[in-house]
Amino acid sequence: MKAQPKASHYINGRFVEDEQGAPLAVIYPATGETIATLHSATPNIVELAVEAAREAQPAWARLKPVERGRILRRAADLLRARNDELARLETLDTGKPLQETLVADAPSAADCLEYLGGAVAAFNGDFVDLGGPFAYTRREALGVCVGIGAWNYPIQIAGWKSAPALAMGNAMVFKPSENTPLSALALAEIYTEAGLPDGLFNVVQGFGDVGGALVAHEAVAKVSVTGSVPTGRKVLGLAGSLMKHATMELGGKSPLIVFDDADIENAIGGAMLGNFYSSGQICSNGTRVFVQKGIHDRFVDRLLERTKTIRIGDPLDPEVQMGPLVNKAQHDKVMEYIEIGQRDGATLACGGKTPALQGFENGFFVEPTVFTGVTDTMRIAREEIFGPVMSVLTFETEDEVVERANATAFGLAAGVFTRDLARGHRVIGELQAGTCWINAYNLTPVEVPFGGYKQSGIGRENSLAALEHYSQVKTVYVETGDVASPY
Ligand code: NAD
């Protein structure tokens, strides 16, 4: 299997290579085979990309927003037209099954380009009546923005960052995760084909050091990172020391609360989606499933029954529902947490092993895993695992579960399943999380803001909120009379 792109980087509207950069092997996680070899960006590549962005940005910012938006919407159409090939590429890069990549990756990026490409023309400043004189505000571009991606939703993340940046008249240099470098290059080609002027969307490959060099570059005005909390702290620290704008989309350990009166099949469906989709590699996953005592045993019985039917295997088989984890390090980390959970006294109710799959002996698979009898202090209930590992906890009262759900440094997401809607809204109102669901889980339509509270992040992606985070406000005071001067 091969997925070698034309070159490692995409700068100023074309593919660029610099073989001086450290080799970067792209591994198909289902088999462990190398499907492409790229090179990490050298300082020269970083400089070329930032320069291209700096040069191209002013003219782009002067275009009418509706014209910039038209190009984004054309790119959205191309993403949709190429969905099959992009889904395959994303499956090879991430190991996620085609069943997911066909519906959740390029389509989600396309939604974002389409929505923000349309919305930007209506995203204006304010008029302020000062009783004679008046003022108005302008929403202006920041300049060159840097996007840094994680490996779980590579093209979605590239789309969610570049769409608001470009819509507002910025240029972007995007660094994908070193684990999944391929689909951002495909997006760059699509932007060019859609008519985006050269230099406005550039892709450079590399590890954290390349990300750091981009953030530190004097021509860069903003950075948006999707990644773990430790990475977010480093990048925000660096950006802060240089007084740059920053958006942080970081990790979580989110609570999903199931009350006795919930529709049990829906609650189980939500919990499974919120733990097993993308092999559990989703930041907003509801990995602490709090189930009220009265429904607990029935919930667990049905959950196990349904979990055992998940089809795990060849991600390119359209019938397969679960693929491997992204790489060996992540596989080993998840297996270690499964051991830790058992050592800490949780009950391994199902899964927990690397399945034996013919033809995929070197893949990074982990069975969908459910722990019951989990308590708040166990490490599997406190730390982000980022794998298909669900922890089921029990609770008795509403006040108790709210307090326990909030007892975490994270605050990305939360969910409540109940038929009592007053309670649903009341509990959500108390939960310290930026993205919440009532009787659903993990849906992130582009129309609503997405992001975290507490350590899980700063800023928001999607919706009009994203446009705010990629622009700065200029206030203009206009005098209509004489200047009242005492001099
Ligand atoms: P990671 O933090 O290891 O890496 C994320 C990105 O940051 C990579 O591109 C990496 O090269 C880069 N990076 C690392 N160190 C850097 C530095 N010092 N300076 C600049 N860039 C640096 O995260 P990951 O393992 O790729 O992804 C998994 C994590 O991402 C999980 O914690 C998950 O919860 C989180 N995540 C969050 C969201 C969200 O929207 N909130 C979405 C997906 C994933």
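The values are calculated or read from the model by the stated rules, or taken from the named source; none is laboratory data. A quick note: this is a predicted structure, and the numbers were derived from the prediction, not measured. FYI the Cβ positions are ideal-geometry reconstructions off the backbone, even for glycines, and counts take in every protein chain you see.
Checking each residue in the stretch 153-163 for being within 14 Å of the ligand (Cβ to nearest atom) and in a helix (DSSP H, G or I) picks out Pro154, Ile155, Gln156, Ile157, Ala158, Gly159, Trp160, Lys161. Candidates in the stretch 210-225 are the residues that are in contact (Cβ under 8 Å) with a residue 40 or more places away in the chain and part of a helix (DSSP H, G or I); of these, the one that is nearest to the ligand (Cβ to nearest atom) is Gly211. Remark: Lys328 falls outside the filter, which requires a residue to be modelled with pLDDT of 95 or more, over 26 Å from Tyr153 (Cβ atoms) and out of contact with any Ser or Thr (no Cβ under 6 Å at 6 or more places or on another chain).
Number of residues in the stretch 334-375 that are assigned to a loop (DSSP other than H, G, I, E, B) and either among the basic types (Lys, Arg) or closer than 17 Å to Asn285 by Cβ (or both): the value is 6.
Scanning the stretch 239-251 for residues that are in a loop (DSSP other than H, G, I, E, B) and either within 10 Å of the ligand (Cβ to nearest atom) or crowded, with 18+ Cβ neighbours inside 10 Å (or both) gives Lys244, Leu250, Gly251. Among the residues of the stretch 299-316, those identified as of a type outside the set (S, T, N, Q) and either surrounded by 14 or more Cβ atoms within 10 Å (Cβ to Cβ) or in contact with a Ser or Thr (Cβ under 8 Å, 6 or more places away or on another chain) (or both) are Phe299, Val300, Arg302, Leu303, Leu304, Arg306, Ile310, Ile312, Gly313, Asp314, Pro315, Leu316. Scanning the stretch 226-237 for residues that are hydrophobic (A, V, I, L, M, F, W, C) and near the ligand (Cβ under 6 Å from one of its atoms) gives a single hit, Val235.
Only residues that are surrounded by fewer than 24 Cβ atoms within 10 Å (Cβ to Cβ) and assigned to a strand (DSSP E or B) were counted in the stretch 376-391, giving 0. Taking the stretch 166-184 as the range and being within 16 Å of the ligand (Cβ to nearest atom), among the hydrophobic types (A, V, I, L, M, F, W, C) and in a helix (DSSP H, G or I) as the test, only Ala184 passes.
From the list Ala87, Ala75, the lone residue that is without any contact (Cβ under 8 Å) to a residue 40 or more places away in the chain, in a helix (DSSP H, G or I) and small (Gly, Ala, Ser) is Ala87.
So in the stretch 195-209, with the set limited to residues that are surrounded by 24 or more Cβ atoms within 10 Å (Cβ to Cβ) and under 19 Å from Leu38 (Cβ atoms), which one is nearest to the ligand (Cβ to nearest atom)? Taking the candidates together, the pick is Gly206.
For the stretch 306-364, name all the residues that are farther than 26 Å from Met1 by Cβ and without any contact (Cβ under 8 Å) to a residue 12 or more places away in the chain. Selection gives Thr309, Glu336, Glu339, Gln342, Arg343. Only one of (1) within 27 Å of Asn170 (Cβ to Cβ); (2) outside any helix (DSSP H, G or I) fails for Trp60. Which number is that? Of the numbered conditions (1) within 27 Å of Asn170 (Cβ to Cβ); (2) outside any helix (DSSP H, G or I), the odd one out for Trp60 is (2). Screening Leu256, Leu273, Leu187 for residues that are over 28 Å from Val401 (Cα atoms) and more than 10 Å from the ligand (Cβ to nearest atom) leaves exactly one candidate, Leu187. Residue-level check: of (1) farther than 27 Å from Arg404 by Cα; (2) in a loop (DSSP other than H, G, I, E, B); (3) within 16 Å of the ligand (Cβ to nearest atom), Val320 misses just (3). Pairing residues of the stretch 145-170 that are among the charged types (D, E, K, R) with residues that are away from the ligand (no atom under 11 Å from the Cβ), at Cβ distances under 8 Å and at least 6 apart in sequence or on separate chains, gives Lys161/Cys145; Lys161/Met172. Being out of contact with any His (no Cβ under 7 Å at 6 or more places or on another chain) and closer than 30 Å to Ala141 by Cα is a property that does not hold for Asp93. Regarding the stretch 126-133, can at least one residue be identified that is at pLDDT 95 or above, assigned to a strand (DSSP E or B) and hydrophobic (A, V, I, L, M, F, W, C)? Looking through the stretch 126-133, at least one residue is at pLDDT 95 or above, assigned to a strand (DSSP E or B) and hydrophobic (A, V, I, L, M, F, W, C). Just for the stretch 276-298: of the residues that are among the polar types (S, T, N, Q) and within 16 Å of the ligand (Cβ to nearest atom), which one is surrounded by the fewest Cβ atoms within 10 Å (Cβ to Cβ)? Here the residue is Gln281. For Asp209, the criteria (1) out of contact with any strand residue (DSSP E or B) (no Cβ under 7 Å at 6 or more places or on another chain); (2) under 23 Å from Pro65 (Cα atoms); (3) not polar (S, T, N, Q) hold in every case but one, which is (2).
Here the condition is being basic (Lys, Arg) and away from the ligand (no atom under 16 Å from the Cβ); of Arg426, Arg460, it holds for Arg426 alone.
From the set of residues in the stretch 214-238 that are touching an Asp or Glu at 6+ places or on another chain (Cβ under 9 Å) and farther than 20 Å from Leu412 by Cα, which is surrounded by the most Cβ atoms within 10 Å (Cβ to Cβ)? Only one residue tops the list, namely His217.
Of Ala188, Ala150, all but one fail to be within 25 Å of Gly280 (Cα to Cα) and not in a strand (DSSP E or B); the exception is Ala150.
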